[in-house]
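Below is one structure; the comments refer to it alone.
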Amino acid sequence: MRGALRFSLGLTTAIVVAVGLPSTATASTATATSAATAGTAATETWHWGPTASSDTKGWAGGTVRTGGSGLRIQGDLYDGGGSRTCSWLKVKWLTDHGRYRTATFKNCSQSRTLAFRVNAGHMLSAQAKVCRGTSARITGKCSQWEGVWSQGG
């Protein structure tokens, strides 16, 4: 039985090589080799937002991308207007060690967006909310925490 199985596997391999059809082992090796020679790993991207403050004068949106050292949250923060007010974005994420980390960004320019980027590393979930405030602190009118990314969907 074992000898017949070895003979049939050897015969199948010989036919595949003779005909020129790529076997699954050589196809996966060729794909891995071409990816390695290209020098870039395939990154995955998830989109989130837009998330608006409760008065809808500030909003944010962006993407989550994979990288060599974990995940990166990036996007734009918009300030829709109002005298002496700013838009604030709070991002919090749960690390793989069970701790929450936060990052806060503000945009007081009504004429242009603020690009932000957070290297979150290996995280389990991330949430964001947009608030309004002064140039020094958040004063209120916040949105609810919106899920930006979660492990497993």
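The values are calculated or read from the model by the stated rules, or taken from the named source; none is laboratory data. As the structure is a prediction and not an experimental result, all values here were calculated from the model. Cβ sites come from the backbone with ideal geometry, for glycine too, and all protein chains shown count toward neighbours. The area values use the complete protein model at the heavy-atom level, side chains included, leaving out ligands, DNA and RNA. Shrake-Rupley method; radii C 1.70, N 1.55, O 1.52, S 1.80 Å.
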Worksheet item: Is there a residue in the stretch 35-54 that is surrounded by 10 or more Cβ atoms within 10 Å (Cβ to Cβ), at pLDDT below 50 and not in a loop (DSSP other than H, G, I, E, B)?
Response: yes
Discussion item. Give all pairs with beta carbons closer than 6 Å in which a residue from the stretch 116-131 that is free of Cβ contacts under 8 Å to residues at least 60 places away in the same chain meets a residue that is among the polar types (S, T, N, Q); count only pairs at least 6 apart in sequence or on separate chains.
Written reply: Arg117/Gln74; Met123/Thr95; Leu124/Gln151; Ser125/Ser150
Fill in: Selection from the stretch 123-135 of residues that are open to solvent by 20 Å² or more (accessible area, probe 1.4 Å) and at pLDDT 95 or above
Leu124, Ser125, Gln127, Lys129
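Can you tell me which residue among Gly98, Gly61 is part of a strand (DSSP E or B), farther than 15 Å from Ser135 by Cα, without any contact (Cβ under 8 Å) to a residue 24 or more places away in the chain and open to solvent by 10 Å² or more (accessible area, probe 1.4 Å)?
Gly61
Looking for something part of a loop (DSSP other than H, G, I, E, B) and more than 24 Å from Arg137 (Cα to Cα) - is there at least one such residue anywhere in the stretch 71-83?
No - not one qualifying residue is present in the stretch 71-83.
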